[in-house]
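First comes the structure, then the notes that go with it.
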Amino acid sequence: MTDRYATVPAQARGFQGQRAGIVTRVAASVVDFLLVILAICLIYGGIALATFIVRPSSFHWPKNISWSVPVVYFVLLTAYLSFSWAGTGRTYGAALLGVRVVNYKGVTMRLPGAILRAVLCVVFPIGLLWVAVSSANRSVADLVFRTSVIYDWSPRTEVEPAGQTARALPGL
Amino acid sequence: MTEVGGAAGDQGPPSSPGDSRAVPPVVDVAIGVGLTTAGIVARSATNAYRLVQPFATLVLQPPGVPERYWPQRGVDQLADRGERARRQGMRQASALLDVLVPLVVDEILDRIDLTQIVIDRVKVMRIVDEVDIAGIVGHLDFDSIVESVPIDHILELVDINGIVARVNLNQVIARVDVNAIVSTVDIDAIVSRVDLGSIATQVIDEIDLPEIIWESSSGMASESVVGVRMQGRAADERINRIVDRVLRRRRDRKTSAPVDRSEQ
């Protein structure tokens, strides 16, 4: 047996594998949110820059795109969260804060479940605050999909056999 | 050496270097006269025998006389009697010598220093030079000689500790060329016999290798990230306590998550 948390600092090994609290999870979510916002800004900025290059004389800031921002936000954030959770179990924010999403078996989620959980988290982000109230540090999404967000400072991201990951991420 | 007259002394044979006794000249003269006389007598007897022999045969074995009456028979009988007497005398003399010789020899040996005589007279080194020592050594069977030596008994008699205690080891060590000895050692063979795997395992068990890897790793595992995570963890605990106090929750939170059994 290999100790998964052998490379974790000694003072942090005691709580590895336990469900993370509200502050850590909100911080990770904020990081992910900012990343998506940054990505959206880059997308729209890129579009504007392309328009300026093509028609510099008649350039004006894109109009009538406000309807598309929520859609892009939803799609982008959902895809980012679902593929991150099904792939390594971590988004960038989760990796930075040292947490990981696992299913009821304690392993990384499969892609369908990850997509549904991502949709719920994007649509109902306030459900994350239930972590503070829950006696088991679980959010609404965790309760619905029987998932857990645990402290995991180990550098490893894969906790399941490669074959299962391949099934979870077809085409990747 | 005493000379025999002036002219005779000059022409005489030189005395041997080892002849230290003085011999009177009259003795040599007497010996010369005796030898000359003996030669004359011998030649005369030989000639007389040649002359007398035919007549003696005729007298002792006269023809026409029966053989049993020959004077020759009387001579033969006398010869036999004499021979018997001679043999008996020889036996008696031999028996007497058997008794007398040991007594005489013992008396002689008691009166002389044989060892000193050998030392004075015998040239030992000359004898040794004549001896083929290499040939003798070549014929020796050293293996059988060594096998016949009771080594264990000899070792029991030897006080090894006493001998070692008398040895000045510092002086011996100072004369030892350690570098030359080490240069003859097959280090590779020694290393190949050492179980480096088990030694490495023991060393790894003694040190906290994961901690070292963690401390030496970069990027996400930097100290700043660890600090942020630890602060987040502390804030989680603080918020949990506050909420639990507000909700009057007395039991601790169940934060244990499912464990991946494939990891066990």
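Once the Cα-Cα distance is subtracted from the 0.36 nm per residue extended length, the B:Phe55 to B:Ile163 segment shows a gain of 29.3 nm.
Accessible area of B:Leu51 (1.4 Å probe, protein heavy atoms only, ligands and nucleic acids ignored): about 120 Å².
Ignore the peptide's own chain and count Cβ atoms of other chains within 10 Å of each Cβ in A:94-102; give me the average, rounded.
Mean shielding by partner chains, rounded to a whole number: 3.
The fraction of all Cα pairs in the protein assembly as shown landing in successive 10 Å bins from 0 to the largest distance is 3, 10, 11, 10, 7, 5, 5, 5, 5, 4, 4, 4, 4, 5, 6, 6, 4, 2, 1, 0, given as whole percents. The alpha-carbon of A:Lys63 sits under 12 angstrom from the alpha-carbon of none of the aspartates and glutamates, leaving out residues fewer than 8 places away in its chain.
Kindly provide the helix-only [θ] at 222 nm of chain B, computed as the sum of -39,500 (n - 2.57) over DSSP H runs of four or more divided by all residues, to the nearest 500 deg cm²/dmol?
Value at 222 nm, helices only, nearest 500: -22500 deg cm²/dmol.
Where does the Debye-calculated log10 I(q)/I(0) of chain B sit at q = 0.15, 0.17 Å⁻¹, using only Cα point scatterers of equal weight, no solvent? Relative scattering, expressed as log10 I(q)/I(0), comes to -1.43, -1.43.
Using Cα atoms only, what is the angle between the long axis of helix B:71-111 and the major principal axis of chain B, expressed in degrees (0 to 90) to the nearest 10? Orientation of helix B:71-111: about 40 degrees from the principal axis. Axis angle, to the nearest 10 degrees, between helix A:68-87 and the longest C-alpha principal axis of chain A: 30 degrees. With angles folded into 0 to 90 degrees, how steeply does helix A:22-54 sit against the dominant principal axis of chain A? Use alpha carbons for both and round to 10. Result, in degrees: 20.
Could you rank A:Trp153, A:Trp61, A:Trp130, B:Trp70 by how accessible they are, 1.4 Å probe, largest area first?
So, going from the largest accessible area down, we get A:Trp61, A:Trp130, B:Trp70, A:Trp153.
Across the residues of A:22-30, average count of Cβ atoms on other protein chains within 10 Å?
The shielding value for this peptide is 4.
Label the stretch B:224-264 by shape, choosing from rounded, prolate and oblate, from the square roots a ≥ b ≥ c of the eigenvalues of the Cα gyration tensor; if a/c is under 1.5 it is rounded, and otherwise prolate applies when a/b is larger than b/c, oblate when it is not. Write out the running numbers ahead of the final one.
Working: a/c = 5.36, a/b = 1.21, b/c = 4.44.
Oblate is the answer for the stretch B:224-264, as a/c is 1.5 or above yet b/c matches or exceeds a/b.
Its Cα gyration tensor gives the stretch A:58-97 an equivalent ellipsoid, and the semi-axes of that ellipsoid, as √(5λ) in whole Å with the largest first, are 31, 11, 7.
Past the 29 angstrom mark, what percentage of all C-alpha to C-alpha distances in chain A do you count? Across chain A, Cα pairs with separations above 29 Å total 29 percent.
Using alpha-carbon pairs under 8 Å, 6+ residues apart, how would you state the relative contact order of chain A in percent?
RCO, chain A: 32 percent.
The convex hull of the Cα atoms of the stretch A:1-98, projected and averaged over all directions, covers 9.3 nm².
Residues whose amide H falls under 5 Å from that of A:Val99, counting only those 5 or more places apart or on a different chain, are A:Asp152, with hydrogens built in the peptide plane.
Taking a straight Cα-Cα cut-off under 16 Å and skipping sequence neighbours fewer than 8 places away in the same chain, no lysines fall within cross-link reach of A:Lys105. Near A:Gln18, the amide H atoms lying under 5 Å from its own belong to A:Tyr151; only residues 5 or more places off or on other chains count, and H is placed 1.01 Å from N. Other residues with beta-carbon under 13 Å from the beta-carbon of A:Val31 carry, at +1 per Lys or Arg and -1 per Asp or Glu, a net charge of +2.
Think of it as helices only: each DSSP H run of n ≥ 4 in chain A is worth -39500 (n - 2.57), and spread over all residues that comes to -16500 deg cm²/dmol at 222 nm.
Averaging the sequence gap over all C-alpha pairs within less than 8 Å and six or more residues apart, then dividing by the number of residues, gives chain B a relative contact order of 5 percent. Measuring only protein heavy atoms, the 1.4 Å probe finds B:Asp120 accessible over about 100 Å².
The values are calculated or read from the model by the stated rules, or taken from the named source; none is laboratory data. Every value quoted in this text rests on a predicted model; they were computed, and no experiment measured them. Glycine gets a Cβ as well: all are built from the backbone with ideal geometry, and neighbour counts include every protein chain shown. The accessibility values were calculated without ligands, DNA or RNA, using every heavy atom of the protein model including side chains. Shrake-Rupley method; radii C 1.70, N 1.55, O 1.52, S 1.80 Å.
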